[in-house]
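Worksheet for the structure shown next.
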Ligand SMILES: Cc1cc2nc3c(=O)[nH]c(=O)nc-3n(C[C@H](O)[C@H](O)[C@H](O)COP(=O)(O)OP(=O)(O)OC[C@H]3O[C@@H](n4cnc5c(N)ncnc54)[C@H](O)[C@@H]3O)c2cc1C
């Protein structure tokens with residue numbers, strides 16, 4: 001029987017995952033990537049011995065990665081070496097007010113008890129619920145293609161939905177257990193990964209606290225890009241053909257079916273099935289004749305996008321003190337910054353930010369005696385990111401980092417590259433320059449997300465952080481698997 005040709009667009013986590021699952025199931029898969037290297041938002045670049053991960057730096061939910069590789073009879077350790085970080089990360093509440101978050105659960109509870117007597121016991125109850133949500137959520141709900149409400153119509157699932165706190169906000173949920181502001185901020189932090197504030201994220205996502213506290217923060221030696229490297233190797237082992245520097249310009253449709261994918265150089269690739277792992281809006285609005293778009297521009301404009309970011313990749317010519325591998329600078333209140341991201345989009349007056357120093361754990365990512373420093377400020381999508389603005393914010397956050405950690409950093413920066421909205425747009429065709437896709441609000445969950453299947457083109461599917469199950473590395477891996485299952489169901493060999 002002849003193999004079906006699948007063209008997958010985009011070599012991010014989702015595209016790689018979809019391509020590899022389909023190749024394993026005997027489809028002939030070509031993966032097309034516009035950039036010169038794989039990984040999409042998880043690319044890396046090297047400058048004079050500094051190895052920078054360009055995007056993700058938190059390796060959470062190790063079981064999702066194990067599950068991914070196990071599907072092909074492999075383990076993550078066949079491709080990269082993981083280390084559990086301890087402390088998992090540091091939260092900076094102010095000068096001389098820094099919490100190291102211990103990896104050990106007993107130590108974590110003791111730390112909470114010191115802040116708020118009795119909070120350790122409360123944590124047990126909070127985590128028991130979060131564990132249940134994690135198990136149902138990550139092992140069941142996220143694997144649903146969310147194309148029909150019927151998928152959710154089982155009595156057990158309805159009971160589960162109630163137990164999972166779908167209709168309560170994360171913010172209220174956390175406050176039922178804890179009173180102290182420091183603990184509340186600590187417990188609300190993981191949902192920021194989902195692209196909204198705790199007020200607008202369903203309490204289902206306390207499953208992220210289970211991931212954080214119980215499953216831990218891990219680091220792949222060499223950096224997060226090692227995961228992409230492993231996935232590329234696995235994809236090629238399964239027979240996926242990968243082409244870089246190949247940008248898709250149009251998906252050609254004939255009689256309601258995608259027949260070819262045309263590249264910017266004019267080349268055409270025949271396709272029986274197309275899986276688009278590039279940003280959904282780009283595919284929907286720029287790669288298709290408008291009559292085949294799944295959604296209108298008004299629909300897209302009403303979506304709540306997860307934030308964009310201003311990033312700095314810095315090479316520092318000395319070792320830094322008073323910093324951990326991951327550092328959350330929560331020394332300013334979240335409220336005004338969240339307002340500047342979600343309610344009245346603007347550059348925030350006093351931004352919160354994140355600093356990562358992977359060379360503390362891994363000497364291979366910086367030359368000897370030097371430090372690899374990555375800074376991230378979450379921002380509203382679609383802001384004007386002029387060079388002057390980037391510089392202004394560099395100084396704002398560096399001044400705080402230097403003051404709080406008690407050292408001069410700026411005059412030791414020997415390499416500096418910034419990255420923001422316009423880079424996300426030009427490198428990834430990111431809608432409004434988003435960094436993390438679509439926010440996981442209640443009205444953008446499961447069946448309410450942009451569908452993984454085109455409604456008018458019978459063999460065109462979507463995968464990645466703008467469709468199910470949502471933003472983040474583990475969901476993107478799962479997204480590729482979910483879409484490949486749908487392809488296989490509907491296109492039997
Ligand atoms: C700064 C930053 C930090 C993050 N931190 C974390 C973290 O710590 N932990 C975590 O879990 N997640 C994190 N995330 C989120 C995570 O990285 C993303 O959710 C995930 O990588 C998205 O994968 P994807 O495959 O959906 O999309 P992408 O990675 O964007 O892949 C899409 C690919 O499509 C390609 N493409 C686009 N248009 C075309 C075209 N026309 N032709 C051919 N190719 C095309 C793009 O070049 C890209 O390679 C972070 C993201 C960013 C940006």
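Remarks
- Expressed as a whole percent, the proportion of Cα-Cα pairs in segment 268-356 lying more than 21 Å apart is 58%.
- Mean separation of Cα contacts under 8 Å (6+ apart) over length of segment 136-237, as relative contact order %: 25 percent
- Between helix 13-24 and the chain: long-axis angle, C-alpha atoms, 0 to 90°, nearest 10: 40 degrees
- Alpha carbon convex hull of the chain, volume per residue in cubic angstrom: 142 Å³
- Spatially, segment 59-109 and segment 351-390 are offset by 20 Å when compared through their Cα centroids.
- Look at the alpha carbon pairs under 8 Å that are at least 6 residues apart: their mean separation over the length of the chain gives a relative contact order of 24 percent.
- At R0 = 35 Å, FRET efficiency that the Cβ-Cβ distance of residue 414 and residue 77 yields, to 0.05: 0.50
- Rounded to the nearest 500, the helix-only mean residue ellipticity at 222 nm of the chain stands at -9000 deg cm²/dmol, with each DSSP H run of n ≥ 4 adding -39,500 (n - 2.57).
- Ranked by the mean number of other Cβ atoms within 10 Å of their residues, highest first, the peptides 114-127, 143-156 fall in the order 114-127, 143-156.
- Crossing angle, helix 105-115 versus the chain [Cα axis fit, 0-90 degrees, rounded to tens]: 50 degrees
- Global dimensions of segment 452-493 from alpha-carbon coordinates: Rg and Dmax equal 10.5, 32 Å.
- Extension gain (nm, one decimal) between residue 157 and residue 458, 0.36 nm per residue minus Cα-Cα: 105.4 nm
- Of the Cα atoms belonging to segment 201-321, the radius of gyration and Dmax stand at 20.4, 63 Å.
- The chain: angle of helix 387-405 to the longest principal axis, Cα-based, in degrees nearest 10: 40 degrees
- Convex hull volume of segment 335-400 per residue (C-alpha atoms, cubic angstrom): 116 Å³
- Globularity ratio of segment 1-132, using Cα Rg and 2.2 N^0.38 Å: 1.49
- Volume per residue for segment 414-493 equals 142 cubic angstrom (convex hull of Cα atoms).
- Computed log₁₀ I(q)/I(0) - Debye formula, equal Cα scatterers, no solvent, segment 351-493, q 0.12, 0.13, 0.15, 0.22 Å⁻¹: -0.70, -0.78, -0.93, -1.35
Each reported figure results from applying straightforward, stated rules to the coordinates on display, with no laboratory input. This structure is a prediction, so every number in the text was calculated from the model and none was measured. Ideal geometry is used to build each Cβ from the backbone, glycine not excepted, and the neighbour counts take in all protein chains shown.
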